[in-house]
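For reference, the structure discussed in these notes is given below.
The values are calculated or read from the model by the stated rules, or taken from the named source; none is laboratory data. These numbers were taken from a predicted model, which means no experiment stands behind them. Counting neighbours? That spans all protein chains shown, and the Cβs are built from the backbone with ideal geometry, glycine included.
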Amino acid sequence: MAETITIRPPVGVSACLFDCPVRYNAKRFDAVGKLGRERAGFIFTPVCPECMAGLGVPREPIHLTGSGQEVLAGAAAVRDRHGHDVTERIIAGCEASIGALERAGVRAVILKEESPTCGLFKARIGKKRREQVTGSGVFGAMLRNKGWFLIPDKAFDSALTWWDWRRRLHAWLWLSDRPLQTNGELTDAWHVVKFIVQETDRPFADETGRALAGLPKNAPRELLEVQRVKILHALERPTTRARATQALWKTYANLKNHGKLDGVDLHDLTVNSPEVRRNVSAIAAELTALERVAFENDLLFGTSPVIFRDARRVRAREAETIEK
Ligand code: SF4
């Protein structure tokens, strides 16, 4: 049976991805709009650190002289087109944005890649458009230091990439909120999220299984927390199309072979084997449909073990279960 989140997760987002015309050239992207009805499953808090720095719209583009991490360490600077140093202002804008996110209860943020401020894995250094580092922008680096769940805007590239980021986000939030006092609580939580980690990083999943089995009896809380943090990091790793398709088929075949789908309303569910060629949208639709069938019938869909459902729908399902 899936674990359910019934409170809409608050999620921060680079404001320019939220259709706000705040880029240096007053342009915007409606990336979040691509989610369609799924938008209703989150409460978004858009922030623009460069606006909060007081740089205005439109403004001169800025660039880094090193990575965001180096800027925070005082080893690099942020400059505008004329070479003026705006480092302090940018840092103040990032801090103000984090303050707003904290007040909103945010622990997950969607970030605009290739921005010297919001970039997560890629930030541009130097004035030329082609110069990029693998490090973060200034805001991205600050957020990484906080240990939140960070989502690059490429999560919106396809229905499948978003499905993957969304299911790991839900699992991450669920695990980080679990009470963790005993070995048993950690092991139970691991059994809920381990299928995702087995799919995305099998060696780490095996290592974690051994580490949990080797914990001393009544392990101290700090030791349990160390394991929790490692698992949370593992949930940040994306899957691949091949792995997601394989996991989908394995779960579906398992449920079918054990008769768990007999007599169940499958709606329009069709799950194809990995050999069947189809596009990523079709794969995401199969995954989402199986999530729905699993939720409605109390079946474990380990590939996506934590889902958001409105509290009213959860109560309705519980009432149905009691009637049966
Ligand atoms: S990338 Fe970040 S700083 Fe740049 S416009 Fe978008 S929200 Fe503002």
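Identify the residue in region 20-46 that is among the aromatic types (Phe, Trp, Tyr) and closer than 18 Å to Pro61 by Cβ and, among all such residues, is farthest from the ligand (Cβ to nearest atom).
Keep residues of region 20-46 that are among the aromatic types (Phe, Trp, Tyr), which gives 24, 29, 42, 44.
Within this subset, residues satisfying the condition of being closer than 18 Å to Pro61 by Cβ are 24, 29.
Values: Tyr24: 7, Phe29: 9 Å.
Only one residue fits best here, namely Phe29.
Show me the strands (runs of 3 or more DSSP E) entirely contained within region 43-117 in which 1 or more residues are modelled with pLDDT under 95 and surrounded by 14 or more Cβ atoms within 10 Å (Cβ to Cβ).
Values: elements: 43-47, 62-64, 78-80, 108-111.
Output list reads 62-64, 78-80.
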Elements of type helices (runs of 4 or more DSSP H) in region 225-324, at least 3 residues being surrounded by 12 or more Cβ atoms within 10 Å (Cβ to Cβ) and modelled with pLDDT of 90 or more: 241-257, 280-296
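When you scan region 28-42, how many residues do you find that are part of a helix (DSSP H, G or I) and free of Cβ contacts under 8 Å to residues at least 60 places away in the same chain? Reasoning before the result, please.
As a first pass, look at region 28-42 and keep what is part of a helix (DSSP H, G or I): 32-41.
Now narrow it down to the ones that are free of Cβ contacts under 8 Å to residues at least 60 places away in the same chain: 33, 36-37, 39-40.
Here the count works out to 5.
Select, from Leu17, Leu72, the only residue that is more than 9 Å from the ligand (Cβ to nearest atom) and either in contact with a His (Cβ under 7 Å, 6 or more places away or on another chain) or in contact (Cβ under 8 Å) with a residue 12 or more places away in the chain (or both).
Details: Leu17 fails: more than 9 Å from the ligand (Cβ to nearest atom).
Going through Leu17, Leu72 in turn, just one is more than 9 Å from the ligand (Cβ to nearest atom) and either in contact with a His (Cβ under 7 Å, 6 or more places away or on another chain) or in contact (Cβ under 8 Å) with a residue 12 or more places away in the chain (or both): Leu72.
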Enumeration of residues in region 148-177 that are more than 11 Å from the chain's Cα centre (by Cα), over 20 Å from Ala247 (Cβ atoms) and touching a residue at least 40 places away in the same chain (Cβ under 8 Å): Lys154, Phe156, Ser176
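Could you say whether any residue in region 177-190 is in a helix (DSSP H, G or I) and within 13 Å of Ala234 (Cα to Cα)? Before you say what the answer is, go through the steps one by one.
Narrowing region 177-190 to residues in a helix (DSSP H, G or I): 177, 183-190.
Then drop every residue that is not within 13 Å of Ala234 (Cα to Cα), which leaves 190.
Scanning region 177-190 turns up at least one residue that is in a helix (DSSP H, G or I) and within 13 Å of Ala234 (Cα to Cα).
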Check on Arg8, farther than 20 Å from Asp153 by Cβ, within 14 Å of the ligand (Cβ to nearest atom) and basic (Lys, Arg): no
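May I ask you to say which residue of Thr182, Thr208 is crowded, with 16+ Cβ neighbours inside 10 Å and touching a residue at least 24 places away in the same chain (Cβ under 8 Å)? So that I can check it myself, show each step before the final result.
On the way: Thr182 fails: crowded, with 16+ Cβ neighbours inside 10 Å.
Just one listed residue meets the conditions, Thr208.
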Count of residues meeting criterion [within 28 Å of the chain's Cα centre (by Cα), more than 12 Å from Leu143 (Cα to Cα) and away from the ligand (no atom under 14 Å from the Cβ)] in region 75-112: 3
